[in-house]
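Take a look at the structure below.
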Amino acid sequence: MKEKNPWYTPLTIIITVIGVIAIVALVTVAVLQNRPLLQKYKYGIVLDAGSSHTALYIYQWPAEKDNNTGRVEQKHSCKVTGKGISSYAAQPEKAGMSLTECMQEAEMVVPAKRHSETPLYLGATAGMRLLNIENRSASDQVFQAVEKALQSFPFSYQGARILSGQEEGAFGWVTVNYLDDRLKQGLETTGALDLGGASTQISFVSHDYDISESPSNSMTFRLYGNDYNLYTHSFLCYGKDQVLRMALAKQTQLGPSTILDPCFHPGYTTTRNYSSLYDSPCVSGRRPREAPTNFSHKGEGNFTKCQEVVKSLFNTTACKYSKCSFNGVFQPPLQGPFGAFSAYYYVMNFLNLTDTSIHLETVKNNLASYCATPWNQIKQMHLSNVKEKYLAEYCFSGTYILTLLTEGYNFTKETYSNIKFIKKIKGSDAGWTLGYMLNLTNMIPAEAPDSPPLPHAGYVSIVTVIAVLLFILLILSLRPVWPRCSKQPQIV
Ligand SMILES: Nc1ccn([C@@H]2O[C@H](COP(=O)(O)OP(=O)(O)O)[C@@H](O)[C@H]2O)c(=O)n1
Ligand SMILES: [Ca+2]
């Protein structure tokens, strides 16, 4: 008689079928549940309300990783037409209205279903700091108008405020080092140099120095499990537009109706208005008595003399600390590489001077010959692509940048090459906005995130193998009779 195969009982067949279905279901759930959500992003919007203009930045990051490992990147930027919000002091509603176009662009860029969860921040810098000093109620009204405008959009509005100089400097440093992947990996950090129109910031980590010498210049962070003692300072009125005012004001004190300015090209001549020159807390103390309404501003094109004028705006004598930059401000010795962005980049890029491996003397000589170039020639070469107002000021701005770096911050001909003039890092603009958003959304954890114990594929494989093993075990334990064998089988 043919022996009946004991495996072919109805019970084992049913169990096998159920088991196979269960395993398939288990693996499918494991795969679906943990599948990386491709192309799903979250968004954040930051408005940088600078002294000269406002810019909107949209950031995005993978939706499932917002808290630790996800990389935040700039998705879009929009430059608001017109001047900075502080210029609307006399008609605040227009400050709000000026933002409309860029905000509408943001509505298009951020997918509609993410609008309501997308945080929206506005941070104002030195232009509003100055307006706040000069006219508190005008600054409040500008913020009210801006707030009203921003709240009319479908995003999650998180407020508009003036950043302190320390915040502006520190968040710029966070941005640069985050984008360079230096924080997560605990690498040596890069210092940040930011030049605006109304203020300028320097921030760097100095290891072997006691930053507590000047507590107002120090910020401590714990990021990804590493501690940082950051030195940071913001010089109000030392952005390039306010420094130009100070330089002009200094020179008008000598002869009130005409200035022969070494920082402008030979042949340059324009009529300027005294009231608008002195319309800033940075210069209001210098207003000459009995000044005429206008003065004539003529260019001389002399780099060396221009440097003397700029140097005279730095007080390098008074210092109550072990070491100072200028104006009695503490600064530890410079350390490590530096990234110089915003107006540092715009100016040096226009002047073709972004290569810092070139000897500092050569850089100065090149700038000197640019400054000495007659204004007509400069206009012929560049007026087609650069606004006249900007074009006229590059000699001054270049001279200011070199003087600030060397006489102000004490970069030498040896350390000058540690500076890199940058605009973007991996597609995102260098500036304080990204660092500000990362901080406010808690996207940089204090401790290093635990890396997942297994990659996704490994997890799915292990679940599958274990399920199959359990299933085999179940079948074996339920087998009716073990054929031609009296001993228990051994499972290997
Ligand atoms: N393409 C550009 C854009 C801005 N800039 C200058 O960069 C500076 C930006 O300063 P900002 O508006 O951020 O002012 P702060 O509030 O940072 O002091 C201004 O002096 C602008 O004139 C430039 O030189 N070229
Ligand atoms: Ca700025």
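Read-outs: derived from the displayed coordinates by stated rules, not from any lab. Predicted model, so just to flag it, every value in this text is computed and none were measured. Every residue, glycine as well, gets a Cβ built from its backbone with ideal geometry; the counts of neighbours run over all protein chains shown.
Multiplying the sequence separation of residue 477 and residue 349 by 0.36 nm and subtracting their Cα-Cα distance, what value in nm do you get? Walk me through the numbers on the way to the answer.
Values: separation 128, 0.36 × 128 = 46.08 nm, distance 7.71 nm.
So the extension gain works out to 38.4 nm.
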Rounded to 10°, Cα long-axis angle of helix 240-252 versus longest principal axis of the chain: 10
Residue order, fewest to most beta carbons within 10 Å, for 381, 348: 381, 348
Once the piece of chain linking residue 276 and residue 17 is laid out straight, how much longer is it, given 0.36 nm per residue of separation minus the C-alpha distance between them? 84.5 nm
So, over other residues within a Cβ distance under 13 Å of residue 165, counting Lys, Arg +1 and Asp, Glu -1, the net charge is -2
To the nearest 10 degrees, how steep is helix 136-151 against the longest Cα principal axis of the chain, on a 0 to 90 scale? 30
Report the Cα centroid-to-centroid distance between segment 144-218 and segment 409-449 in angstrom, as an integer. 8
A correct fewest-to-most ranking of 306, 263, 237 by other Cβ atoms within 10 Å would be 237, 306, 263
Sum -39500 (n - 2.57) across every DSSP H segment of at least 4 residues in the chain, then divide by the residue count to get the 222 nm mean residue ellipticity, nearest 500. -11500 deg cm²/dmol
Each residue of segment 19-30 in order: what ³J(HN,Hα) in whole Hz does its phi give by Karplus 6.51 cos²θ - 1.76 cosθ + 1.60, θ = phi - 60°, with x for Gly and Pro? x, 4, 4, 4, 5, 4, 4, 4, 5, 4, 4, 4
Sequence gap at least 6, Cα distance under 8 Å: using those rules, report the relative contact order of segment 41-162 to the nearest whole percent. 30
Restricting the calculation to Cα positions, tell me the Rg (one decimal) and the Dmax (whole number) of the chain in Å. 31.7, 130
Please count, across segment 41-162, the pairs of lysine residues with Cα atoms under 28 Å apart that sit 8 or more places apart or on different chains. 18
Mean separation of Cα contacts under 8 Å, 6 or more apart, over the residue count of the chain: relative contact order %: 17
Summed over the other residues with a beta carbon less than 12 angstrom from that of residue 316, with K and R at +1 and D and E at -1, the charge totals +1
With Cα atoms, 0 to 90° folded angle of helix 456-478 axis to the chain main axis: 10
